[in-house]
Amino acid sequence: MLSITSQYLARYRRLAGDRSDTLLPVTGAQRRFVLVRSLDPSGRPDLVPMFFAFPYRTIDPERLRAAARRLAARHTALRSRVGVVRGTPVLSVPADPDAVVTRPDLLPGESPADAIRRALASWDAQGPAMRILLVSDEEREEDILAVVLDHAACDGRSLARIVDELGAAYDEDDPAATAAPEETHAELAAYRDAVLGQLAAEERAETPEAAAYWADRLRALDTHAPAPSPARVPEGARPSGAAQARLPAHDGGGVSFPGLLDACRSATRELYGTDRTVPLGYPWGGRPTGAEPVIGCFLNTLVFPVGTGRGSGPGPGPGPSTGTGTGSEATADAWWDDLDRADVPFDAVVTAVRSAGSRWTGGLDGLLTVDDDTRRPPLKLAGAEGREIHVDGRPVRAPFALSVTQGAEIRLRMVWDRAVLDDETAHRAFDALTHALRPSDPTVR
């Protein structure tokens with residue numbers, strides 16, 4: 001039987017025919033975002049926003065618009081639309097690039113953050129993959145710049161290049177200059193090669209042995225968060241809550257990834273109780289070997305089954321596994337085994353698990369992302385450096401999401417869906433997580 005990736009490629013080739021320059025295939029990571037969007041009642045896409053505060057009135061909107069258009073013209077993923085044609089997810093490449101820069105007006109009683117949240121909530125999934133919002137905060141004498149991307153068009157590894165090139169394009173001597181056609185064509189060829197290379201890797205990874213591994217590994221999964229209910233959101237509250245903390249890095253180092261997974265176990269016990277196996281998703285991977293570092297969505301979502309029982313390890317089974325050593329040792333061993341099958345795309349993993357009799361439909365009870373603060377340069381526009389900020393209260397796709405930024409210190413940030421989790425429980429979980437990550441803990445190195 002053909003693998004999911006093989007079946008997808010066959011359908012794509014029949015559909016594209018001689019339109020391979022305007023209709024491109026999508027990676028397994030992109031297929032996941034297309035699926036998630038199709039299952040959302042409102043068709044809401046996953047968005048990746050970056051927010052920056054600049055000194056008041058230092059940004060030239062027209063120069064910014066020209067820079068965004070130049071960036072979209074250069075990069076295939078930013079100028080294209082991810083969609084479904086005759087049941088097949090594809091990337092449609094238009095002849096003319098488009099980038100939107102808008103300045104939302106404040107409604108009576110609105111704050112700049114309110115205006116940004118309102119603009120993001122009205123995102124049209126059929127529009128450009130990259131959009132920029134510029135809102136003035138006269139009270140603080142700042143301009144808030146939001147660079148927002150459809151997640152199907154970019155992953156975390158693309159953000160540094162987007163920030164760097166947006167600043168460089170803004171500083172061009174000729175603000176009306178456009179990307180040279182040969183540059184656009186070269187990027188298109190590099191992007192197509194990277195996607196085809198990624199799909200080849202996914203096709204190779206989809207073996208019967210890998211399917212059996214993931215079926216056994218995740219067979220105990222089910223989603224254990226309660227179903228979302230608007231009635232749980234306190235009157236007048238935003239859709240999501242947030243908590244953050246800064247911890248000192250131990251001996252100048254960060255937290256190992258298995259250490260983070262163990263800390264998430266402490267949090268999920270508080271959120272979902274004991275004696276459960278909770279699906280925790282995290283992005284992993286990169287561009288295929290030899291591919292150019294193109295902007296796009298390549299990081300697969302891996303699933304780690306977090307046992308919430310006391311002393312539980314990460315292993316599969318009808319209940320939490322005790323593992324063969326300490327929690328961190330068992331977690332590390334299981335995680336390394338998972339990484340050996342990390343190229344199996346998410347939809348193929350879900351299919352394998354369900355084929356083995358599991359009720360799991362692919363829903364995630366938590367998301368974990370890790371970033372290195374040395375890898376993303378600050379956004380600079382004409383010498384002015386933007387201060388990265390957060391705009392809280394936006395909708396959250398999973399019941400909770402944890403982001404960890406590592407560098408000279410450890411910065412933790414957790415957001416949660418108030419339609420699923422109440423604030424008191426979420427704060428208790430966040431406290432358990434931060435306690436588990438204190439430098440005195442053996443998971444910190």
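The values are calculated or read from the model by the stated rules, or taken from the named source; none is laboratory data. Model, not experiment: these values are computed from the prediction. Because the Cβ atoms are built from the backbone with ideal geometry, glycine has one as well, and the counts that use them run over all protein chains shown. Calculation scope for accessible area: heavy atoms of the full protein, side chains included, ligands and nucleic acids excluded. Shrake-Rupley method; radii C 1.70, N 1.55, O 1.52, S 1.80 Å.
What residues from the stretch 20-55 fall in the zone where the backbone N is under 16 Å from a label point 7 Å along the Cα-to-C-beta line of ARG13? Hits in the stretch 20-55 for ARG13 at 16 Å: 20-21, 24-26. P(r) for the stretch 1-56, from all Cα pairs and a bin width of 5 Å, is 4, 14, 16, 17, 16, 13, 7, 5, 4, 3, 1, 0, 0 %, short bins first.
Using the Cβ-Cβ distance between ASP171 and THR361 with R0 = 35 Å, the FRET efficiency computed as 1/(1 + (r/R0)^6) comes to roughly 0.15. Shape verdict for the stretch 120-239, please, from the Cα gyration tensor: rounded (a/c under 1.5), prolate (a/b greater than b/c) or oblate. It comes out oblate by the Cα gyration axes. Taken about its Cα centre, the chain carries a charge dipole of roughly 1200 debye when the Cβ of each Lys and Arg holds +1 and the Cβ of each Asp and Glu holds -1. Across the stretch 84-132, Cα pairs under 8 Å and at least six residues apart give a relative contact order of 46 percent. Within the stretch 220-289, the percentage of alpha carbon pairs spaced more than 22 angstrom apart rounds to 48%.
Extents of the stretch 73-184, largest first, come to 45, 41, 25 Å (Cα atoms, principal axes, whole angstrom). Using the 1.4 Å probe convention, the accessible area of the chain works out to 45 Å² per residue with neighbouring protein chains retained.
Charged neighbours of SER3, selected by a Cβ distance under 14 Å, balance to -2 (K, R count +1; D, E count -1).
When the convex hull of its Cα atoms is viewed from all sides, the stretch 23-142 shows a mean projected area of 8.7 nm².
Just so you know, the Cα atoms of the stretch 264-308 work out to an Rg and Dmax of 15.5, 45 Å. Electrostatic tally near PRO94: other residues with Cβ closer than 10 Å to its Cβ, Lys and Arg +1, Asp and Glu -1, net 0. For ARG204 and GLU62, the FRET efficiency from 1/(1 + (r/R0)^6), where r spans their Cβ atoms and R0 equals 41 Å, is about 0.30. Which shape class applies to the stretch 356-445: rounded if a/c is under 1.5, otherwise prolate when a/b exceeds b/c and oblate if not, where a ≥ b ≥ c are the square roots of the Cα gyration tensor eigenvalues? In terms of gyration-tensor shape, prolate.
Taking one quarter of the surface of the convex hull spanned by the alpha-carbon atoms of the chain gives a direction-averaged projected area of 22.0 nm². Summarising the strand pairing of the chain, around 85 percent of its internal DSSP beta bridges are antiparallel. Helix-only arithmetic for the chain: the sum of -39500 (n - 2.57) across DSSP H runs with n ≥ 4, divided by the residue total, places the mean residue ellipticity at 222 nm at -11000 deg cm²/dmol.
For the chain, the longest piece that avoids every one of the GluC sites (Glu not before Pro) found in DSSP loops with at most 12 other C-beta atoms within 10 Å covers 236-445. If you plug the beta carbon distance of LEU106 and ASP193 into 1/(1 + (r/R0)^6) with R0 = 45 Å, you get a FRET efficiency near 0.50.
Take every pair of alpha-carbon atoms less than 8 Å apart whose residues are at least six positions apart; their mean separation over the length of the chain yields a relative contact order of 22 percent.
How much net charge surrounds TRP336 when only other residues with a Cβ under 14 Å from its Cβ are counted (Lys, Arg +1; Asp, Glu -1)? Net charge in that neighbourhood comes out at -3. Within the accessible surface of the stretch 129-183, defined with a 1.4 Å probe on protein heavy atoms only, the carbon and sulfur portion equals 41 percent.
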